[in-house]
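Take a look at the structure set out below.
The values are calculated or read from the model by the stated rules, or taken from the named source; none is laboratory data. None of the values given here were measured: they were computed from a predicted structure. Note that each Cβ is placed from the backbone with ideal geometry, even for glycine, and that neighbours are counted across all protein chains shown. These area figures cover heavy atoms from the full protein model, side chains too; ligands, DNA and RNA do not enter into them. Shrake-Rupley method; radii C 1.70, N 1.55, O 1.52, S 1.80 Å.
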Amino acid sequence: MFERYNPANWTIAWDEVAMAALALLVAVTIAYIFYRIVFAVILKLTAMSETTVDEMVVKQIRRPIKWSLIAIAVTIVAQANPALSAVWEPLGQFLRPALLGWIAYTLVKSFTAALEFRLETSHDPVAVRSRRTRLAIFSRTATFAIVFITVGLMLLTIPGVRSIGTTLLASAGLAALAIGAAAQPALKSLIAGLQMAITEPLRIGDLVVIDGHTGRVEEIRMSFVIVRTWDERAVVVPTNQFLDQSFENWSRKSEKLTGPVMLHLDPIAEIEPIREEFQRYVQAHPLWDQRTVQMVMTEAHPESIELRLGLSSNTIGDLFQLRCDVREHMIGWLKANQPEALIRHRLEVESANQRVAGA
């Protein structure tokens, strides 16, 4: 039974092997020379263009194109040589889908990098965030689809896997239910990610408030979103939560925002001088965008009043700093000019302790 595996019993036609090796060497050499000539011309043409985007795309796809041309050359030689075909075809059936998937993957990555490079020259931060978000989601979706299809095509070239697939097709109804139940979370995340890219309730770089966390959207993936808070914590939020629950987006249309500074004062406070000082300080502040500066009394209690000082700025970070500056300045001004307006609560700890001790 093992006689055929004995090398002494093998009959090798060395002249045919030599001819096949020579033909293979010539074909691979021609394919490589053709690859070098074509890409030399393409690189010359891209160097003449004003943008570097086309050069980025060409450099990304050079390697998969080179190996694909070599595989095509080997396939052509194998068709004319039965011995080489018997060795190459099993490998070629497995490698051809892999090379096609590699080309598609590099095309997606190169075009994504080129479009992101173009975004760097844009002066509209809102448009940049919108396009960057769509690029991130669509590129990940395309990458997932390419990898899934490529692996599926490669596995189908294996006879055992192909027979398993034929068996499963015989019970398609049960298989569909099982796959649907198992893939429900993945499909839900995929649909949620695509819906996020189309509707854009938030984008990369937006300042959001979700579950009590305030921070910038750092990354949007198919199944989760990373929100980076001011203290550098990374909050991981499921993508579905942004679609199923309400959240705050402070930079949906632009970075311009209006914010309040609350002052709780004694009812004896004189309102008009406080308003004049507030307006004078804000109008002279370099972070004010000249949109909103307004003070109103929002509450009046027997022991206190509440003043809301509204002000605006061009960016959220500038607004935060402006609010801090106004709060600090107004408290200092009240101490110097209307100290009686500041609410005081005094607790005589020593006297209270003495009374407790005497009792």
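Just a few scattered comments:
- Among the residues of the stretch 203-235, those identified as within 26 Å of Gln321 (Cβ to Cβ), open to solvent by 40 Å² or more (accessible area, probe 1.4 Å) and assigned to a strand (DSSP E or B) are His213, Thr214, Arg216, Glu218, Arg228, Ala234.
- Against the conditions (1) open to solvent by 40 Å² or more (accessible area, probe 1.4 Å); (2) touching a strand residue (DSSP E or B) at 6+ places or on another chain (Cβ under 8 Å), Glu276 satisfies every one except (2).
- Taking the criterion of being more than 30 Å from Thr199 (Cβ to Cβ) and of a type in the set (Lys, Arg), the residues of the stretch 249-308 that qualify are Arg275, Arg280, Arg308.
- Residue that is least open to solvent (accessible area, probe 1.4 Å), among those in the stretch 236-273 that are of a type outside the set (A, V, I, L, M), assigned to a strand (DSSP E or B) and within 22 Å of Gly310 (Cα to Cα): Gly259
- Lone unmet requirement of (1) more than 19 Å from Val28 (Cα to Cα); (2) open to solvent by 50 Å² or more (accessible area, probe 1.4 Å); (3) modelled with pLDDT of 80 or more for Leu95: (1)
- Selection status of Ala47, under 25 Å from Ile146 (Cβ atoms) and either out of contact with any Phe, Trp or Tyr (no Cβ under 8 Å at 6 or more places or on another chain) or loosely packed, with under 13 Cβ neighbours inside 10 Å (or both): no
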